[in-house]
Amino acid sequence: MKKNGISIIKLKESQYSDLINCVDGEYVYCELEYIRDRSSFAGVALKISDEKNKFDFFEVSENKLNELNKYENVYMGCNESYIDSMKEIFFSTKRDYGIYILFLIYSDIRSSQIIFEDIMREIDKNINKIIKMLNN
């Protein structure tokens, strides 16, 4: 599966800002778009903390948010296996920052945890950009 790149915006400026009532300026939304037979995506709402090497998440059970068509749905939540994949990547090296996951959101690309590993890697690559965005 080929990824089309990551987009990073403040969560309050995203289409998901009204879904969670605790949204403030401290959260950012990162989304990876994938190109295959149809467009697929996976996103994460998160905030960064000064606590070194800490990973935490808001417990939101997975549910179907939207039905795009007969074969494509959008899911929101924190499926445990995907959170475990993100933790595994996060803790693979020491980080000078902590991360708090508010929610995951994704289309029908749930067949692979690699997608959430991709997101963690992209967050890591773009951490300075994310921190700068949150400080503005």
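Check off (1) touching a Gly at 6+ places or on another chain (Cβ under 9 Å); (2) more than 20 Å from Lys125 (Cβ to Cβ); (3) at pLDDT 85 or above for Leu11 and give me the number that stays unchecked. For Leu11, the exception is condition (2).
Going through region 28-84 one residue at a time, which ones are in a loop (DSSP other than H, G, I, E, B), at pLDDT below 80 and not acidic (Asp, Glu)? Steps first, please.
The first filter runs over region 28-84 and keeps only residues in a loop (DSSP other than H, G, I, E, B), leaving 36-38, 50-54, 58-62, 70-71, 78-79.
This time we only want the ones that are at pLDDT below 80, so: 36-38, 59-62, 70-71, 78-79.
Within region 28-84, Arg36, Arg38, Val60, Ser61, Lys70, Tyr71, Cys78, Asn79 meet the criteria.
Regarding region 15-25, can at least one residue be identified that is buried (at least 18 other Cβ atoms within 10 Å of the Cβ), under 22 Å from Asn128 (Cα atoms) and at pLDDT 80 or above? Please lay out each step first, then the result.
From region 15-25, those buried (at least 18 other Cβ atoms within 10 Å of the Cβ) are 16, 23; that's our starting set.
Narrowing further to those that are under 22 Å from Asn128 (Cα atoms): 23.
Narrowing the set further to residues that are at pLDDT 80 or above leaves none.
The answer is no, given that none of the residues of region 15-25 is buried (at least 18 other Cβ atoms within 10 Å of the Cβ), under 22 Å from Asn128 (Cα atoms) and at pLDDT 80 or above.
The values are calculated or read from the model by the stated rules, or taken from the named source; none is laboratory data. The model shown is predicted, which means the values in this text are computed figures rather than measured ones. Positions of Cβ are backbone-derived with ideal geometry, glycine not excepted, and every protein chain shown enters the neighbour counts.
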